[in-house]
Amino acid sequence: MPNFEINEKYLKKSRLYKLKKNGIICLACRNYCYIPEGKSGKCLVRINKNNELYVPYGYVTALNIDPIEKKPLYHFLPGEKTLSFGMAGCNFKCDYCQNWEISQFLRDPLAYSNFIEISSEDIVNFLFEKKLKILVSTYNEPTITSEWSYEIFSLAKEKNSDIKTGFVSNGYISPENLYFLKDKIDFIKVDLKSFNKENYNRLTGANLKYLLESIELIYKNEIHIELLLLLVKDFNDSEKELEALFEFVKNISHDIPLHITAFHPDYNMQDIENTDISDIKRAINIAKNKGLKFVYGGNIISNDFSNTYCSSCGKIIIERSFMSTKINRIKKDKYNGFCPHCNYKIYGIF
Ligand code: SF4
């Protein structure tokens, strides 16, 4: 049961549903929840009132200026700052969630989120006031609050079509939601979590098959995608699992940037040790041997795995240090990027 009722003023009608006998089906994520009158879906923030869907609106729990590298995204306007906002709630309940106070606020009595009332106009005005070029829905799962992002992203792009927008997401977005957002969104960073369907389901409550379909759909719809694997000892780090995962990514495209980051105990997963840097190196080597071109390491005290090398001539083209871009040698033509040495086209928006 929710430990907190969402105030009516933070809800707005959405059309992202279809009617079903005595209820509705929410179409925002692959859970496709059946929601009877007066109830909410699995994420607890999308509610059936009189057989209409009401969804989060008009607030943030966090609004920050963050480097794009912190998301992490390494092939999307390197060196730029983002205006990052989050709401509350999640369609997953991962035991290692780093933002659990925001994501689990309706499930966990210990979680607490401050709702700050704000209009989409105020967020967009702040973006322009600070001369920022990128808006990101992050901190909680953006898929479950995509109508709010749609409004903010649309408004920003109407004012300046060069503004870029994106989600930091678990990737469990439905095709219906992706098509709804398609013209307003430029990137999605997706958390892979595990390539073992039992472990994935145990951690998230979700079905790995649908995540994999979503990743493919995002790429095919030409929305920039980067993937993140939080490497957890004895959970998702076996050679066999990593080989299969990287094979899957390579079969979509060997160009998709992959971030392999180290786990640190958090929330309800306190009994697993920090990921050792040697395991990050091992996973990076497996990914590279599989043929993935852009593989990075993260959450480690080392800059050894944060630079970008041209996948054709092998020369260094972007140098980074602890989540910031130091030297960017990429040749730009509008948003396309090319190696300055061999003119090879680099995947991404530059
Ligand atoms: S967003 Fe997903 S979890 Fe939430 S109500 Fe819709 S289908 Fe269910």
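The values are calculated or read from the model by the stated rules, or taken from the named source; none is laboratory data. Quantities reported herein were computed from a predicted structural model and do not represent experimental measurements. Because the Cβ atoms are built from the backbone with ideal geometry, glycine has one as well, and the counts that use them run over all protein chains shown.
What to note about this one:
- Selection status of residue 149, among the polar types (S, T, N, Q), surrounded by fewer than 23 Cβ atoms within 10 Å (Cβ to Cβ) and modelled with pLDDT of 95 or more: no
- Of residues in the stretch 10-29 being aliphatic (A, V, I, L, M) and not in a loop (DSSP other than H, G, I, E, B), the one farthest from the ligand (Cβ to nearest atom): 19
- Residues of the stretch 245-277 classified as assigned to a helix (DSSP H, G or I) and farther than 25 Å from residue 310 by Cα, total: 0
- Yes/no for residue 191 being under 24 Å from residue 156 (Cα atoms), surrounded by fewer than 23 Cβ atoms within 10 Å (Cβ to Cβ) and away from the ligand (no atom under 15 Å from the Cβ): no
- Any hit, the stretch 217-225, residues being part of a strand (DSSP E or B) and either in contact with a helix residue (DSSP H, G or I) (Cβ under 7 Å, 6 or more places away or on another chain) or closer than 29 Å to residue 179 by Cα (or both): yes
- Within the set 32, 74, 54, the sole residue that is within 16 Å of the ligand (Cβ to nearest atom) and part of a loop (DSSP other than H, G, I, E, B) turns out to be 32.
- The requirement of being over 17 Å from the mean Cα position of the chain (by Cα), on the phi > 0 side of the Ramachandran plot and free of Cβ contacts under 8 Å to residues at least 12 places away in the same chain is satisfied by residue 38.
- Selection within the stretch 113-129: residues that are within 10 Å of residue 61 (Cβ to Cβ) and not aliphatic (A, V, I, L, M). The member of this set that is surrounded by the fewest Cβ atoms within 10 Å (Cβ to Cβ) is 114.
- Per-region count, the stretch 140-175, residues farther than 23 Å from residue 10 by Cα and either out of contact with any Cys (no Cβ under 7 Å at 6 or more places or on another chain) or among the aliphatic types (A, V, I, L, M) (or both): 11
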